[in-house]
Structures are given as structure tokens and as C-alpha cells.
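So the structure is just underneath, and the comments pick up after that.
Rule-based calculations on the coordinates, nothing more; no lab input. The model shown is predicted, which means the values in this text are computed figures rather than measured ones. Cβ sites come from the backbone with ideal geometry, for glycine too, and all protein chains shown count toward neighbours.
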Amino acid sequence: MPVAWPIAKFLFQLVAPNIPDIVSTVATLKKQQAEPQPREEPFQARIAEMEQRLAQQLELIEKLTKQVDALQTILWRTLIIGLAALGLALTGLAFIFYA
């Protein structure tokens, strides 16, 4: 037990200067909770902002969909050209080996 008192005294000396700050902070928080919070934005403004964001997201999704469709078309064309090239190469090899 004799060791506990010096440790407690040391901890109190560390905490004691901060006690007024802690008390004022708690008092301020209690006052803020007691007062009704004013709304920063009216409800209609928030809904309008959300609608604008949704419209922007929808526009972005439409652009991405168009880009994916264009990419799919390019890939199909590349596939067809690749298959045609493979067919021509196999035909050429057949002429070389069987002629």
C-alpha cells in the first residue's frame, strides 16, 4: 500500500491541471444537448440536392453503359476478324500441305 500513494499523487498532479478544462467541456456539451439544434438546411433543399446527385449518377451510369456497349461491339468485331483470319490461315495451311 505505501507504493500506491506516491503513484496516486503523481497521477493526480498530471490530471489536476486539466480538471477545469474537462468541467467546462462537459458543461458546454450539456448546454448544447439541452438547446434544440437548429436545422442547418431545410428539408426541401436537402431533397433537391439528393435529386441533383441522383441525376448526376444516372447520367454517369448512362455514359458508362454506352461505353460498355461500344466496347462490346468492338470486341465482337475483333472476334469475327480473328475467326476470319484463323479460317484463312487454316485454308492456306491446307493448300500448302495437300497441294
Estimated FRET transfer efficiency when R0 is 30 angstrom, pair Leu88-Val68 (beta carbons, to 0.05): 0.50
Selected from Ala94, Gln67, Ala84, residue furthest toward positive end of dipole (segment 44-99; charges at beta carbon): Ala94
